[in-house]
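Accompanying notes for the structure given below.
Each value in this text was obtained by applying a stated rule to the coordinates, not by laboratory testing. Bear in mind that the values here come from a model prediction, so they are computed numbers and not experimental data. Neighbour counts run over all protein chains shown; Cβ positions are idealised from the backbone, glycine included.
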Amino acid sequence: MRPYDERLDHLLARAARVFADKGYHPTTMRDLSAASGMSLAGMYYYVRGKEDLLALIQERCFTQVLDGARQAVATATDPQERLQAFIRHHVSFFAQHMAEMKVLSHEASPRGVSAIKRRYVDLVESILKDAAPEQSAVDRSAATYILFGMMNWIYNWYDPAGHIDPARLADLMASIFLGGFVETHQEAK
């Protein structure tokens with residue numbers, strides 16, 4: 001990852017907003033120039049085109065969310081607590097980075113970003129393996145994507161400034177998910 005650069009950070013934040021609002025494919029470099037207040041030449045100093053912008057947005061966002069998730073689950077003592085910590089972190093991060101997360105949820109990831117994404121998915125699958133070790137890898141994988149579907153869909157309806165704060169939303173999701181996946185499979189023993 002590149003070192004911090006305020007102009008690049010500004011460009012990535014504005015590009016994420018435009019991609020989230022307008023869609024990646026219809027967006028032009030001129031749209032991004034207008035939204036960021038940077039000249040085309042200024043943008044091309046940082047990137048070769050909008051593909052690079054997308055890759056940088058995804059790389060930065062996935063790296064941050066993965067690092068934060070690892071820290072969040074590191075102090076938890078049992079699998080359910082680790083899963084709750086993961087969900088709290090994910091929803092909180094999502095609420096603070098709605099445009100970037102919408103872009104992550106909708107756009108295909110370049111190879112380097114896909115590897116980071118895979119580590120993020122693997123983290124959840126390892127937590128679920130500890131929480132319900134008798135479940136098959138196929139069920140854990142499906143449950144992982146069900147959980148991400150629940151968490152990532154919030155960009156369609158959730159307002160972080162609304163009636164439910166991110167922590168409360170995350171706790172509700174964790175309760176629903178844990179009650180539906182972990183409890184069901186523990187009762188089957």
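Before moving on, here are some points about what is shown:
- Anisotropy class of the chain from Cα gyration tensor, a/c 1.5 cut: prolate
- Backbone N within the stretch 46-70 under 20 Å of label point (7 Å from Glu6 Cα along the Cβ vector): 46-47
- To the nearest ten degrees, helix 111-131 and the longest principal axis of the Cα atoms of the chain are 20 degrees apart.
- Angle between the chain longest axis and helix 6-22 axis [Cα atoms, degrees, rounded to 10]: 70 degrees
- Crossing angle, helix 50-74 versus the chain [Cα axis fit, 0-90 degrees, rounded to tens]: 30 degrees
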